[in-house]
1. Would you mind telling me which numbered condition in (1) basic (Lys, Arg); (2) loosely packed, with under 15 Cβ neighbours inside 10 Å; (3) closer than 30 Å to residue 149 by Cβ residue 262 fails?
2. Only one residue in 199, 210, 152, 184 is of a type outside the set (S, T, N, Q) and in contact with an Asp or Glu (Cβ under 7 Å, 6 or more places away or on another chain), so which one is that?
3. Name the residues in the stretch 241-252 that are outside any loop (DSSP other than H, G, I, E, B) and either modelled with pLDDT of 95 or more or surrounded by 19 or more Cβ atoms within 10 Å (Cβ to Cβ) (or both), would you?
4. Report yes if residue 139 is in contact with a Gly (Cβ under 8 Å, 6 or more places away or on another chain) and not acidic (Asp, Glu), otherwise no.
5. For the stretch 123-152, which residues satisfy the criterion of being surrounded by fewer than 23 Cβ atoms within 10 Å (Cβ to Cβ) and of a type in the set (Ser, Thr, Tyr)?
6. Looking at the structure I just gave you, is residue 219 in contact (Cβ under 8 Å) with a residue 40 or more places away in the chain and not aliphatic (A, V, I, L, M)?
7. Name every residue in the stretch 209-240 that is within 23 Å of residue 86 (Cβ to Cβ) and either buried (at least 18 other Cβ atoms within 10 Å of the Cβ) or assigned by TED's automatic domain parsing to the domain that holds residue 24 (or both), in order of residue number.
8. Please go through the stretch 217-229 and pick out each residue that is part of a loop (DSSP other than H, G, I, E, B) and either at pLDDT 90 or above or charged (D, E, K, R) (or both).
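The values are calculated or read from the model by the stated rules, or taken from the named source; none is laboratory data. Keep in mind the model is a prediction, meaning the values are calculated, not measured. Here the Cβ positions follow ideal geometry from the backbone for every residue, glycine too, while neighbour counts run over all protein chains shown.
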Amino acid sequence: MLRGLYTAASGMLAQQRRHDTITNNITNLNTPGFKGSSAVTRTFPETLISVMGGANPPAGSVGKLSLGVFAEENLLQMQQGDLQQTYRSQDLALVSDLLIAGSTFDQSGKSVDQNGAVTYKPQAYFSVLSAQGEEQYTRDGSFKTDPNGTLLTADGNEVVGANGNPIVVTVPWERVTVSGDGRLLDATSGQPLQGAPQLRIVRVDNPNMLLRQGDGRFRYAGDPAGINQIAAGDRVEVRQGYLERSNVDAAQSSIDLMAALRAYEANQKVIQAYDRSLEKAVNEVGRV
């Protein structure tokens, strides 16, 4: 009987984590460049029953017996978000549609070939420096400049140029035009600004290797060969005066939030039923 309690309790914990993940997505609906995430659940290994001293039923009778589920991890959803025009010259958005020859990607950005090999759609990111000097990546292009003209993210991290150094602009930003490939130009002459290089925009071959660091920044945890500066011909464009909105679907998130709540309540009622059964077994049957 207690096995059912453990199963229902694990379901409640999994739905609670799913609820927290969806709530975080909804909270960041208006955060520029935010990438939503989804909680992934998995059943407990059947061997856990044997470790606890039990035995699985024969496959021919009632099948395998599991002890419920647990929330294994949160997967990021790296799809492109919609663009919002802000008319602010320091707001920059990336529009990327990077392709891989022979791969057709679904809506989630995944391609599976005939042999079952999975390929993920590459994505493009701005390169910034963390407070510790580590290179990190973001899609939040709501930039600003400090009194010295250094280009910063909204939370104060330096934006990196193609030469690997922070970008410093010595003219008012009203005179700066950012080209589609990330070059900083004089709006009057159309010539490159002196000392202001091209933005460092990187191509991440497997976005699932990015780890969220907070404030819209990510750290790459994969093979260094899987991240490179974009090259000529890559389908990446910088849009000045625009911001990329969060890619969270508000309607779908509301549906998922309600589903998680209902599933949590269902597991809660199972636990209450077991509690009443145990109470009767102890207080009534136990007296006989």
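1. Failing condition for residue 262: (3).
2. On the way: 199 fails: in contact with an Asp or Glu (Cβ under 7 Å, 6 or more places away or on another chain); 210 fails: in contact with an Asp or Glu (Cβ under 7 Å, 6 or more places away or on another chain); 184 fails: in contact with an Asp or Glu (Cβ under 7 Å, 6 or more places away or on another chain).
After applying the criteria, what remains is 152.
3. First pass over the stretch 241-252, keeping only residues outside any loop (DSSP other than H, G, I, E, B): 242-244, 250-252.
242, 243, 244 - these are the residues of the stretch 241-252 that are outside any loop (DSSP other than H, G, I, E, B) and either modelled with pLDDT of 95 or more or surrounded by 19 or more Cβ atoms within 10 Å (Cβ to Cβ) (or both).
4. Working: in contact with a Gly (Cβ under 8 Å, 6 or more places away or on another chain): yes; not acidic (Asp, Glu): yes.
Considered against the rule, which asks whether it is in contact with a Gly (Cβ under 8 Å, 6 or more places away or on another chain) and not acidic (Asp, Glu), residue 139 comes out as yes.
5. 127, 130, 142, 145, 150
6. Numbers: in contact (Cβ under 8 Å) with a residue 40 or more places away in the chain: yes; not aliphatic (A, V, I, L, M): yes.
The answer is yes for residue 219.
7. Hits for the stretch 209-240 are 216, 217, 218, 236, 238, 240.
8. Keep residues of the stretch 217-229 that are part of a loop (DSSP other than H, G, I, E, B), which gives 221-223.
Result: 221, 223.
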